[in-house]
Amino acid sequence: MWRGFSTLVSRAARGPCRSCTRQGSGSPAPGPGATIFALSSGQGRCGIAVIRTSGPASGHALRSLTATRDLPPARSACLRLLSDPRSGEPLDRALVLWFPGPRSFTGEDCAEFHVHGGPAVVSGVLQALGRVPGLRPAEAGEFTRRAFAHGKLSLTEVEGLADLIHAETEAQRRQALRQLDGELGHLCRGWAKTLTKALAHVEAYIDFGEDDNLEEGILERADSQVRELMVALDTHLRDARRGQRLRSGAHVVVTGPPNVGKSSLVNLLSRKPVSIVSPEPGTTRDVLEIPVDLAGFPALLSDTAGLREGEGPVEQEGVRRACERLEQADLILAVLDASDLASPTSCNFLDMVVTGAIAQRPSGNSQRLLLVLNKLDLLPSGSPDLSLDLPPHQLLSCLTGEGLDGLLETLRKELATICGDPSTGLPLLTRARHQHHLQGCLDALGHYKQAKDVALAAEALRVARGHLACLTSGGGTEKILDIIFQDFCVGK
């Protein structure tokens, strides 16, 4: 009887339906002769340019351009004279490397040519490779797609590689490296293993439930495993889209009354004159947005019109758009004139915007606010009028830069809360696709708990495990793979 139970465990361990575990997730394995080549380093003049090939004809291409019968030792750089395979004309003296499959990035035979980075040299080598029979130029992301098709990378690792290529801030780089190292995929595989055990226990009960030799409490053990998994999934899904903000940038809106230095602050944080600065109130009448690196985190910084009763229809529209952006903001930088805090305009702004935003935090609103008191250089004593009941604030002079380091450190802490700290904790969910499949898995486990029939409970576990498999394999949907790989450049 227990031999039958072990068979059930083996059957459950095979994974979900074929549509979610198909080899390469819909990507056909490259056939004979499908050898690709491309420039893998950046365009333009450079010291060294890297040209790579992948496919069964890579060894032939390497021999053709170096005019030698023997391939270099595997994974060792060798200096070779490169020549045109037809005319024999010398092209460059370069380092060449040979990576026989399957121990290569793509899992296929690969070759690399490290040539001098002049445009004429690169063009000559690419044209020479194009004359080798069986070679064709690579499409965008095709090298990585072949690595995925040959099991060298999971889909979450592919997404981590794409994020690493596009990373512009330190936080994005750290998060992308963690995902490329397989942390999210490893976590999902651990969850899938838990579901496999639970499914094996439920199927054992279905097949041998009336047998007295069946171990007692087998369904209770499955229920316990499911409960623990639901808690873990719920924790990940309640991250308020932090991972997606880390990947695409948090929305930071600069607001305040007119003429308090909002545009000056935007210019200071973006390190370039993106906003017009003028002593005339109401200079900014539309929302100006710029992507910036704020203390190592990506952010979309918005400069908005001063909040007041507009003097004309254009300024009124600017104020309306500013209020609209405030509702969408992840972080509000509320700016006031430190030398004029007692004015009616400043007091109204404190009451309406600052106090109101802070009061919403306990209700679960993820929006955060940071009060910045600008024009510190105008204060004779170096400190603002503290007779007002001010919330926590940062002192700053956009003119002299005094207080900027303290502001950036506070911004780093705020953005780490909004986007998540990629150097600590569990891996973040950086894409809507991740959230969709984890939510689908959690919903299926909810159906498991509500199932009145054991067979329906088992099916719910299969559906839940299928969502986890789809997260790391793509689920055999070619359209999903096309969307993921379209962001890659040619040569990667």
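Each residue in the stretch 447-463 was checked for being out of contact with any Lys or Arg (no Cβ under 9 Å at 6 or more places or on another chain), exposed (fewer than 14 other Cβ atoms within 10 Å of the Cβ), assigned to a helix (DSSP H, G or I) and not hydrophobic (A, V, I, L, M, F, W, C), and 1 pass.
Residues are listed down the side, and each one gets a yes or a no for (1) open to solvent by 30 Å² or more (accessible area, probe 1.4 Å); (2) over 33 Å from the mean Cα position of the chain (by Cα); (3) modelled with pLDDT of 90 or more; (4) under 30 Å from H467 (Cβ atoms):
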position: L39; (1), (2), (3), (4): no, no, yes, no
position: G44; (1), (2), (3), (4): yes, no, no, no
position: G47; (1), (2), (3), (4): yes, no, no, no
position: H60; (1), (2), (3), (4): yes, yes, yes, no
position: D70; (1), (2), (3), (4): yes, yes, no, no
position: R75; (1), (2), (3), (4): yes, no, yes, no
position: L91; (1), (2), (3), (4): yes, yes, yes, no
position: F105; (1), (2), (3), (4): yes, no, yes, yes
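Considering L81, L95, the condition of being farther than 23 Å from E157 by Cβ, assigned to a strand (DSSP E or B) and out of contact with any Leu (no Cβ under 7 Å at 6 or more places or on another chain) is satisfied by L81 alone. Can you say whether R462 is in contact with a helix residue (DSSP H, G or I) (Cβ under 7 Å, 6 or more places away or on another chain), at pLDDT 90 or above and of a type in the set (K, R), as far as the supplied structure shows? So R462 fits the description; yes. Restricting the stretch 73-93 to residues that are without any contact (Cβ under 8 Å) to a residue 24 or more places away in the chain and of a type outside the set (S, T, Y), the residue that is farthest from C46 (Cα to Cα) is G88. Filtering the stretch 408-434 to residues that are surrounded by fewer than 18 Cβ atoms within 10 Å (Cβ to Cβ) and of a type outside the set (K, R) leaves L408, E409, T410, T417, S423, T424, G425, L426, A432.
In the stretch 158-175, the residues that are buried (at least 18 other Cβ atoms within 10 Å of the Cβ) reach residues that are part of a loop (DSSP other than H, G, I, E, B) and among the β-branched types (V, I, T) with C-beta atoms within less than 9 angstrom, at least six apart or across chains, in these pairs: E159/T430; G160/T430; D163/T430; Q175/T430. Within the stretch 311-326, being at pLDDT 70 or above and surrounded by fewer than 17 Cβ atoms within 10 Å (Cβ to Cβ) holds for R321, C323, E324. Of the residues that sit in the stretch 98-122 and are in a strand (DSSP E or B) and of a type outside the set (V, I, T), which one is nearest to Q43 (Cα to Cα)? Once the filter is applied, the top-ranked residue is H116.
Within the stretch 270-280, is there a residue that is open to solvent by 20 Å² or more (accessible area, probe 1.4 Å), assigned to a strand (DSSP E or B), touching a strand residue (DSSP E or B) at 6+ places or on another chain (Cβ under 9 Å) and modelled with pLDDT under 85? Within the stretch 270-280, none of the residues are open to solvent by 20 Å² or more (accessible area, probe 1.4 Å), assigned to a strand (DSSP E or B), touching a strand residue (DSSP E or B) at 6+ places or on another chain (Cβ under 9 Å) and modelled with pLDDT under 85.
Report, by residue number, each residue of the stretch 71-109 that is farther than 18 Å from L126 by Cα, of a type in the set (A, V, I, L, M, F, W, C) and in contact with a Gly (Cβ under 9 Å, 6 or more places away or on another chain). If the condition is that a residue be farther than 18 Å from L126 by Cα, of a type in the set (A, V, I, L, M, F, W, C) and in contact with a Gly (Cβ under 9 Å, 6 or more places away or on another chain), then L71 is the only one that fits.
So is P133 in contact (Cβ under 8 Å) with a residue 60 or more places away in the chain and surrounded by fewer than 16 Cβ atoms within 10 Å (Cβ to Cβ) or not? Yes, satisfied. Look at the stretch 43-67: where a residue is free of Cβ contacts under 8 Å to residues at least 12 places away in the same chain and a partner is open to solvent by 30 Å² or more (accessible area, probe 1.4 Å) and basic (K, R), sitting 6+ places away or on another chain with Cβ atoms under 9 Å, you get R63/R69.
Among residues of the stretch 294-310 being open to solvent by 20 Å² or more (accessible area, probe 1.4 Å) and of a type in the set (A, V, I, L, M), the one that is modelled with the highest pLDDT is L300. Among the residues of the stretch 107-118, is there at least one that is out of contact with any Cys (no Cβ under 7 Å at 6 or more places or on another chain), within 25 Å of S473 (Cβ to Cβ), free of Cβ contacts under 8 Å to residues at least 60 places away in the same chain and open to solvent by less than 40 Å² (accessible area, probe 1.4 Å)? Scanning the stretch 107-118, I find at least one residue that is out of contact with any Cys (no Cβ under 7 Å at 6 or more places or on another chain), within 25 Å of S473 (Cβ to Cβ), free of Cβ contacts under 8 Å to residues at least 60 places away in the same chain and open to solvent by less than 40 Å² (accessible area, probe 1.4 Å), so the answer is yes.
Matching residues to (1) among the small types (G, A, S); (2) part of a loop (DSSP other than H, G, I, E, B); (3) touching a residue at least 12 places away in the same chain (Cβ under 8 Å):
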site	(1), (2), (3)
R146	no, no, yes
G185	yes, no, yes
K193	no, no, no
T196	no, no, yes
H201	no, no, yes
Y205	no, no, yes
R221	no, no, yes
L246	no, no, yes
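The values are calculated or read from the model by the stated rules, or taken from the named source; none is laboratory data. Quantities reported herein were computed from a predicted structural model and do not represent experimental measurements. Ideal geometry is used to build each Cβ from the backbone, glycine not excepted, and the neighbour counts take in all protein chains shown. Surface accessibility is based on the protein's heavy atoms, side chains included, excluding ligands, DNA and RNA. Shrake-Rupley method; radii C 1.70, N 1.55, O 1.52, S 1.80 Å.
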